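A short worksheet on the structure shown next.
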Amino acid sequence: MALHGLPMLFASSVFFLLNLFLMLKPHHGYGDGLSDPQEVGLCESSVRNHGYKCHEIDVKTQDGYILRVQRIPEGRNLSGDSVTRPPVLLQHGVLVDGMAWFMNAPEQNLPMILADKGFDVWIANTRGTRFSRRHAYLQPNQSEFWNWSWDELAAYDLPAMFDYVYNETGQKLHYVGHSLGGLVALASFSEGLLVNKVKSAALLSPIAYLSHIKTALGVVAAKAFVTQASTLSAEFNPKGEAAASFLKQVCAHPEVNCYDLLTAITGKNCCLNTSTVDLFSQNQPQSTSTKNMVHLSQSVRDKVIAKYNYENPNSNLIHYGAMKPPVYNLSNIPEKLPLFISYGGQDALSDAQDVEQLLDDLKFHDVLKYTVEFVKNYAHADFIMGVSAADIVYDQVYKFFLNHHF
């Protein structure tokens, strides 16, 4: 096995393998017959056809990336009057994009539920995904375009989108982050970013600590982790030949079970139907940076929430002024910032023990501003694609936002 492939292992174990598993099930997906969303945009492919208004907007980050954001300004049954609707930004996880929120029918997906309940909904698309592959002066075929990890998502992407929505609406934002979308928000909050523009935050199956990750693939990644700085500035394309070849090598490990990949990767999801998984397989996974995946692997290995480790004390000294990367101090998150955290008992990625360690970091949070939901039979994908999530999770998110709107 080539050493430079090892840092990618944790990443490929998440949604790349999930995608391959889903492609083995040829079912008709919700919304079949639509044009390629990469060509026509998320609004045209997945929103307007259900009767919702939708706008495609470009947002530029401080470091030059041009992110595509979709806005659903109102529900399909609202009159379009001048009522001021509270804005909410939805941030997806790693190796997917904003389309991941739209795998189910309007009555079952969070963006449209919130729009129908009176919210002004904004959908984020992280740099490197199909809708956000532009830069002020770099091209995706240049290595420098991919020289970032989730540190930059916390420092640049989220602030840029928050600033745009805040300036456009004149209101503080509610926020929803799934998986890595929870981690980047926590990192931003702990650094003092966004806190003056956020009204409340709902974190669904948040990735923070990864010490107890239960997937055999993740464990192999942690043990096999090797970094080579010369290979970091590169695209990680889960659909590429190199990733497929790497998967074959990974599946050769005796402890890795590639016959039931969905369960092996995310845990035993209770509530995905066949139309959901088919539509997912048509649209995901998405590219990210190799450096981002290495950073996640470091979290598995080092058992801390810290900035990217350059694996060389001198390099860390240059970047951080210290020989080790600084830790994100989650105790810096304002105690009165309303937080809702929902996690699952079957989740193999955002393991319950790791979430409980996160909750311990937040133990001094204002109890009146802090809600925790534990869903015993939910795994990682249920929170964003589960057909029962509307009743079990999304209704709680909506009530939480209402309780902390003023």
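The values are calculated or read from the model by the stated rules, or taken from the named source; none is laboratory data. Source: prediction; values computed, not measured. When we count neighbours, we look across all protein chains shown, and the Cβ atoms used for this are built from the backbone with ideal geometry, even at glycine. Just the protein is used for accessible areas: all its heavy atoms, side chains included, with ligands, DNA and RNA removed. Shrake-Rupley method; radii C 1.70, N 1.55, O 1.52, S 1.80 Å.
Structure summary
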quantity: Top-ranked residue in the range 139-148 [being open to solvent by 20 Å² or more (accessible area, probe 1.4 Å) and either part of a loop (DSSP other than H, G, I, E, B) or free of Cβ contacts under 8 Å to residues at least 40 places away in the same chain (or both); ranked as nearest to His295 (Cα to Cα)]; calculated: Asn147
quantity: Filter pass, Ile113 being assigned to a strand (DSSP E or B) and either of a type outside the set (D, E, K, R) or open to solvent by less than 10 Å² (accessible area, probe 1.4 Å) (or both); calculated: no
quantity: Residue count, the range 293-343 (criterion: among the basic types (Lys, Arg) and touching a residue at least 40 places away in the same chain (Cβ under 8 Å)); calculated: 3
quantity: Residues located in the range 343-363, provided they are open to solvent by 30 Å² or more (accessible area, probe 1.4 Å) and either within 18 Å of Phe401 (Cα to Cα) or touching a helix residue (DSSP H, G or I) at 6+ places or on another chain (Cβ under 7 Å) (or both); calculated: Gly345, Asp361
quantity: Some residue of the range 71-87 being among the acidic types (Asp, Glu) and buried (at least 24 other Cβ atoms within 10 Å of the Cβ); calculated: no
quantity: Residue that is nearest to the chain's Cα centre (by Cα) [pool: residues in the range 364-387 that are farther than 11 Å from Ser205 by Cα and open to solvent by 80 Å² or more (accessible area, probe 1.4 Å)]; calculated: Lys376
quantity: Qualifying position, being touching an Asp or Glu at 6+ places or on another chain (Cβ under 6 Å), closer than 23 Å to Asp360 by Cα and modelled with pLDDT of 85 or more, among Lys303, Lys307; calculated: Lys307
quantity: The one condition in (1) at pLDDT 85 or above; (2) closer than 28 Å to Val184 by Cβ; (3) open to solvent by 20 Å² or more (accessible area, probe 1.4 Å) that Cys43 fails to fulfil; calculated: (3)
quantity: Complete set of residues in the range 165-198 that are closer than 29 Å to Ala381 by Cβ, in a helix (DSSP H, G or I) and of a type in the set (Phe, Trp, Tyr); calculated: Phe189
quantity: Single residue of Leu90, Leu95 found to be buried (at least 21 other Cβ atoms within 10 Å of the Cβ) and not in a strand (DSSP E or B); calculated: Leu95
quantity: Pairs where the first residue, in the range 48-72, is touching a residue at least 40 places away in the same chain (Cβ under 8 Å) and part of a helix (DSSP H, G or I) and the second is open to solvent by 10 Å² or more (accessible area, probe 1.4 Å) and not aliphatic (A, V, I, L, M), C-beta under 8 Å, 6+ apart; calculated: His50/Arg76
quantity: Residue check, Gly33 more than 28 Å from Pro140 (Cα to Cα), at pLDDT below 95 and open to solvent by less than 20 Å² (accessible area, probe 1.4 Å); calculated: no
quantity: Selection count, the range 388-406, where residues are among the aliphatic types (A, V, I, L, M) and either open to solvent by less than 10 Å² (accessible area, probe 1.4 Å) or more than 27 Å from Pro87 (Cβ to Cβ) (or both); calculated: 3
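Listed here are the residues, each with its yes/no results for (1) within 23 Å of Phe400 (Cα to Cα); (2) of a type in the set (Asp, Glu); (3) open to solvent by 10 Å² or more (accessible area, probe 1.4 Å).
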| residue | (1), (2), (3) |
| --- | --- |
| Thr126 | no, no, yes |
| Ala136 | no, no, yes |
| Trp150 | no, no, no |
| Glu168 | no, yes, yes |
| Ala185 | yes, no, no |
